[in-house]
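Beneath this line is the structure, given in C-alpha cells, with notes to follow.
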Amino acid sequence: MTAELVRGQNHPLSQARLEIRIAAGTPVVAGATLGDEHGTVHGVEWVVHPGAPTLPGLEVSRQAAADHRLAVDLGAVPEAVHRVHVLLALPSAGGPVRFGAVAAPFVAVTGLDGTELAGYTITGLDAESAVVALELYRRQGGWKVRAVGQGYAGGLTELLADQGLPQAHQLANTIHEAVAQGLARAVTPPARTADGDRARQTATPAPAPEQGASATQGASGAVPPQPLSPYGTQPPGTPPQPTPPNGGPASGTPQPASPYGAQGAPATGGPQPGHTQVPADGSAAQPPAPTVGGPIDYSHPRRQNAAPPPPPPVAPPVQPGQPARPVAGDATGWSMEERLYNQVWGMFEDLARSTAAYRSAVDFADSRMEKELDAALADPRNRIGGQGDAAREAARAKHTQLVEQARAAYDRDLGQLTAESEVVEPALPLAYARWDSPVWHGYRVPFEAPMAVRLGDLHLPECPELRIPMLIRLPLERGLWIDSGAAGSLDGSFLDSHELHRLAMDTAVALAARLLAVHPAGDYTLHVIDPAGSGARALAPLVSTGVLAAPPAVGAAGVADVLARLTERVDLVQMAVRGGAADSLPPGLDTSEQLLIVNDFPHGFDDRAVTQLRYLADEGPSVGVHLMMVADREEASAYGPLLDPLWRSLMRLTPVPDDHLADPWVGHAWTYEPALVPPGSQVVQEVLNQVAEARTK
C-alpha cells in the first residue's frame, strides 16, 4: 500500500534498494546530500549531483529533466551518513525561475519492481528555486523517509549553505555549469494527468553525453567512472575481488562506480564521508588524497580533532522469529546522553504514529459499519424479517473483526514500546530521570550542563500505563507557565483554588530544583518574586538551603527592584553581543543563566512592571534570562488583550494531569503530568544542600 505523505510525515522503509522517482512540470535538477546525525554536510564530496552523479549508495541523473529516477542502496551508504536529503532545483539557464510558476513536483519512493512505497506532492512553493524534497534517515537500525518540502528562494547556494556546506556558492555554480552542458537533451515534460496517475507517467531521462576528465566535483577531484548498470553488481564474467579491511576496493583492481557495486564506492579525488580516525598526537593533519584504484580513505579532513562516537549497545541474541530485545542508547548520537535523548523522542514519535494508525483503523471500521447498515436498511424488504437482522449482524461482526485486528497490531506496538521503556527509564541520566530514580541517591554536582531536561511525563488515553518522558532542550527557548487557574482533573473531580495554587508552586519548585541540580555550581542563578508571600511554604526548600540569589522579593518595591535588575542585564548583554564587545561587560555582572520564578501574577505588578515582564519573556531567553510564571490567566483578565502575547510566548504546564499538549507529528492531545517529588521524599532537600555546598567552595 502506498503511503501518501504530507509535509513532516514519515514512513518506514522495508527495502534497502530503492528508486526515487521525480515527476515535475518542467526540467529540474535532481541531487542529494549526505549528512551526519545533525544533517550537516561536511564537504563537496558529500553531495551527489549531475557533475558527480555517483556516491556510495546513490546515483542521480547527469542532466536536468522533467522526470528522474534516482538509484538508492541504503545498505551501501557509509555508516557515518545518517541523513540523505533529496533536493530539486530549477536550472539557472532559461526556463522558470521559481517553483510557484510550475506544477507541483511529485516525488515517489519505489522498490526496484516499481512498487510505490511512499509518495509526496511538494505543495506551497512560490518564490523558491530549490527545495529539499525528501529525507531518508536512520532510525533504530533501519531507515525511514520523511516528506520535507523546505524551499529556498536563494536557490542551491542557500540550500547547501543551510546544510552547513562551506563551499556552497562554488558547488552551486559547478552544478549549474554541469547542467548547462546537457540541458538541451532534457526530456520534454509529459502531459500531466490526474493525481492518481502522476507517478505512473514517469519516464527515464535520455542519457547525457559522457563527461570528460575536465568535469569537476566542487573545486577539484577526479570524476568517478560511470556505472555499467544502475542495478548491477559486477559486469558479467568479472571475478570477485578481495575487499581490504578498511572497506575500500583492493588496490590495483578495477571497480564499478555504481552505487550498487560490489565494492561499494567509486574512486574519487577527494575523501568520502565516513568514520574519522584521530591521529595519535591529536594533530589535525589532512590525510593524503587516495590514488585512483587504491584504497578509499573514508575519514573526513575536518573531523580529525573529534573522536568518532563509540558503537551503540548491541541487543542480545533472540530466538528466530522473535522481536529484537530493546537496548538503552541504541539511537544515534555522539554520547550516551544524546543517544538516550534521541531514543526517547523516537519512542514518542512511534507511539504517536501507532496510535494514529489504530484510531484511523477504528474510524474506518465505524464508517464501514454505518455504510453497510444504511445499505441494508435502504431496501424496504430488509427492514422487517430475517434478512435485515442478518445484514446487521454481519456488519457488526465485520466491525468487531476489523477493530480486533487493529487492536492486535496496536497491542504489538505497545508491547515493544513498553519493553523499550522498561530498559530506557532506568538508564536515564540525572536531567532525564524521575525524582524517584535511584540515580538521584548518588547525586554529585555535575561539571557540565546537560543537553536537555525532563519537565514531566506524557501519555495517551489508549495506553495510560506507557509514559514518555517530556524532554526539552537546554537552554530553554521559551519561558514556562505553571497554570494555577481553576480546572477539572481528568477523573471529573475539581480542586479548590488554594489547593491548585499549592500544587502549582510545588511543580515550579520541583522544576527549579531540577534545573539547579543539573547545572554546574554557579552556572544557574535563581530569583523569586512572591509579592504577598503566599508561596513561602512551597519555597521553603529553596530558601532554607540558600540556593536563591536573594530572599524572595515581596511587595511592589521588591517586584520593581528584581525586574529592573534583570531588564538591565538583558540590555547590557544584548548591546555587548550586537556590538561584538562581550569582554566589555561590567566586572560585577552575573553572566550565569538566570531563572526568575514569578508567583501570584499580577498581584504587586503595575503597568511598568507588566511591560518589563513582557520584555523579559520576549528578549530574555536569547541572553540567558528565563521566566517561570505561576499564575491564573483569569486573574490577569483586567489587562485584556495586552497580555495575550505573554501567554502565547510561554509553554503552558499544569500542576495536575491535563491533556493540553500536542505532538509535532500527528497532533494527538497528550496528557501531561508534572515531574513532582514523591510524597515524603527528601531527595530535593538533599540535592539542594549539595548544590549550596558546591557554590560555597
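Annotation note: Cβ proximity below 9 Å between a residue of the range 397-426 that is over 28 Å from S367 (Cβ atoms) and a residue that is open to solvent by 40 Å² or more (accessible area, probe 1.4 Å) and in a helix (DSSP H, G or I) (sequence gap 6+ or interchain) occurs for P426/P438; P426/V439. H38 passes every criterion in (1) within 30 Å of R339 (Cα to Cα); (2) part of a strand (DSSP E or B); (3) of a type outside the set (D, E); (4) open to solvent by 10 Å² or more (accessible area, probe 1.4 Å) apart from (2). Please work out if G333 is touching a Lys or Arg at 6+ places or on another chain (Cβ under 6 Å), surrounded by 12 or more Cβ atoms within 10 Å (Cβ to Cβ) and at pLDDT 85 or above. Here the answer is no, as G333 does not meet what is asked.
Of the numbered criteria (1) farther than 22 Å from R21 by Cβ; (2) surrounded by fewer than 24 Cβ atoms within 10 Å (Cβ to Cβ); (3) in contact (Cβ under 8 Å) with a residue 40 or more places away in the chain, the one L165 fails is (2). Only one entry of P91, P50, P78, P105 meets the criterion of being under 22 Å from Q140 (Cβ atoms) and in contact (Cβ under 8 Å) with a residue 12 or more places away in the chain, and that entry is P78.
T355 - would you say it is hydroxyl-bearing (S, T, Y) and more than 27 Å from G8 (Cα to Cα)? Taking the combined requirement at face value, the residue does not satisfy it.
One line per residue, one yes/no per condition, for (1) in contact with a helix residue (DSSP H, G or I) (Cβ under 6 Å, 6 or more places away or on another chain); (2) over 21 Å from G346 (Cβ atoms):
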site: D113; (1), (2): no, yes
site: A118; (1), (2): no, no
site: L125; (1), (2): yes, yes
site: S129; (1), (2): yes, yes
site: G151; (1), (2): no, yes
site: L156; (1), (2): yes, yes
site: A161; (1), (2): yes, yes
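When the range 447-471 is limited to residues that are touching a residue at least 60 places away in the same chain (Cβ under 8 Å) and open to solvent by 30 Å² or more (accessible area, probe 1.4 Å), the one that is nearest to I482 (Cα to Cα) turns out to be R467. Whenever a residue of the range 645-659 is over 12 Å from L627 (Cβ atoms), its partners that are open to solvent by less than 30 Å² (accessible area, probe 1.4 Å) and of a type in the set (D, E), lying with C-beta atoms within less than 6 angstrom and at least six residues away or across chains, give the pairs R652/D483; T654/D483. For residues in the range 404-444 being open to solvent by 30 Å² or more (accessible area, probe 1.4 Å) and not in a helix (DSSP H, G or I), which is farthest from I468 (Cα to Cα)? Of everything passing the filter in the range 404-444, R444 is farthest from I468 (Cα to Cα). Of the residues in the range 350-373, at least one is closer than 16 Å to G141 by Cβ and at pLDDT 90 or above. Evaluation of Q150 against the conditions (1) without any contact (Cβ under 8 Å) to a residue 24 or more places away in the chain; (2) open to solvent by less than 10 Å² (accessible area, probe 1.4 Å) shows that the sole unmet condition is (2). Screening the range 494-517 for residues that are more than 20 Å from P678 (Cβ to Cβ) and open to solvent by 50 Å² or more (accessible area, probe 1.4 Å) and picking the one that is modelled with the highest pLDDT gives H498.
Regarding the range 383-395, can at least one residue be identified that is in contact with a Phe, Trp or Tyr (Cβ under 8 Å, 6 or more places away or on another chain), modelled with pLDDT under 85, outside any helix (DSSP H, G or I) and not aliphatic (A, V, I, L, M)? No; the residues of the range 383-395 include none that is in contact with a Phe, Trp or Tyr (Cβ under 8 Å, 6 or more places away or on another chain), modelled with pLDDT under 85, outside any helix (DSSP H, G or I) and not aliphatic (A, V, I, L, M).
Of the residues P520, P541, which single one is buried (at least 18 other Cβ atoms within 10 Å of the Cβ), of a type outside the set (S, T, Y), closer than 29 Å to E673 by Cα and out of contact with any Ser or Thr (no Cβ under 8 Å at 6 or more places or on another chain)? It would help to see each step written out before you state the result.
Values: P520 fails: buried (at least 18 other Cβ atoms within 10 Å of the Cβ).
Result: P541 is the single residue among P520, P541 that is buried (at least 18 other Cβ atoms within 10 Å of the Cβ), of a type outside the set (S, T, Y), closer than 29 Å to E673 by Cα and out of contact with any Ser or Thr (no Cβ under 8 Å at 6 or more places or on another chain).
The values are calculated or read from the model by the stated rules, or taken from the named source; none is laboratory data. All values derive from a computational prediction rather than experimental measurement. Note that each Cβ is placed from the backbone with ideal geometry, even for glycine, and that neighbours are counted across all protein chains shown. Note: areas computed on protein heavy atoms with side chains; ligands, DNA, RNA excluded. Shrake-Rupley method; radii C 1.70, N 1.55, O 1.52, S 1.80 Å.
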